[in-house]
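I have placed the structure first, in the form of structure tokens, so that the comments after it can refer back to it.
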Amino acid sequence: MPPPPLLQRAALQRGAALALWSLVLLRSSVDGRLDLLLRAIYHPLVALAGVLLFGLALLQLGLALRDATAARERAQRRQTLTLLVTTAIALALLGLPPAPSFADLAGQRPRDDTAASELSFVLPPAQRSLTDWVRLLRSQPDPLLFEGDPVRISGFVLPVTGEAPQLARLLVRCCLADAAPVGLPVRWPAGATPQADQWLQLDGVMAVETGSGGRRLVVRPRSIRPIPRPARPLEP
């Protein structure tokens, strides 16, 4: 059987590449990796893009079944190389799911300064998340108001130049591209050596300390427990 014409082969290759990228997006939509990269509200768009790419792949495969005229070999080689590169990228994404370092990313991003000046609702101290505490302290900056309040928070260890590591979270509006870190200073016990990017849960109280910048609240942990990275580590 003679080989298929050049345009038919090109359509087959485009269809295969599009089908692979469709598989990348659809698999990402169901295996949880999007929780590391994108806010949940946008996950359906990724799944929809995967479905559309699969439809385009079927169209290309349909074209491959039709008769086509010959094309120049040089253009075909260039197109084949492009398709091989994109196929290799798609296979790499399927085989090597993303595992971003939140500490490295937070160190390269500006801090979040978008908290509202007033909060419409304030949770009891023991129910506040790390980001709840950060927003509350911005709206009520007097540290004496919260001294002795119980704290139960979780986050990743974020190194801070010239200070002890903080416990932090990443806030996102859309995805990691616009992520901004928020953190709370921690008075770590003597001998504690928290590792950057390690996820911890702290139970303790808020304490006031005085430094060169004046008084500030710090978390004084009574217990420190390593935890797995949450399934959805990004916060809106």
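The values are calculated or read from the model by the stated rules, or taken from the named source; none is laboratory data. This is a predicted model, so every value here is computed, not measured. Glycine gets a Cβ as well: all are built from the backbone with ideal geometry, and neighbour counts include every protein chain shown.
In the set (1) modelled with pLDDT of 85 or more; (2) over 23 Å from Val219 (Cβ atoms), the condition left unmet by Asp149 is number (2). Once region 29-45 is narrowed to residues that are buried (at least 17 other Cβ atoms within 10 Å of the Cβ) and free of Cβ contacts under 8 Å to residues at least 60 places away in the same chain, the residue that is farthest from the chain's Cα centre (by Cα) is Ser29. When region 206-236 is limited to residues that are charged (D, E, K, R) and in a loop (DSSP other than H, G, I, E, B), the one that is nearest to Gly155 (Cα to Cα) turns out to be Arg229.
Within region 178-185, is there a residue that is closer than 18 Å to Asp35 by Cβ, loosely packed, with under 14 Cβ neighbours inside 10 Å and not assigned by TED's automatic domain parsing to the domain that holds Val30? Checking region 178-185: at least one residue is closer than 18 Å to Asp35 by Cβ, loosely packed, with under 14 Cβ neighbours inside 10 Å and not assigned by TED's automatic domain parsing to the domain that holds Val30.
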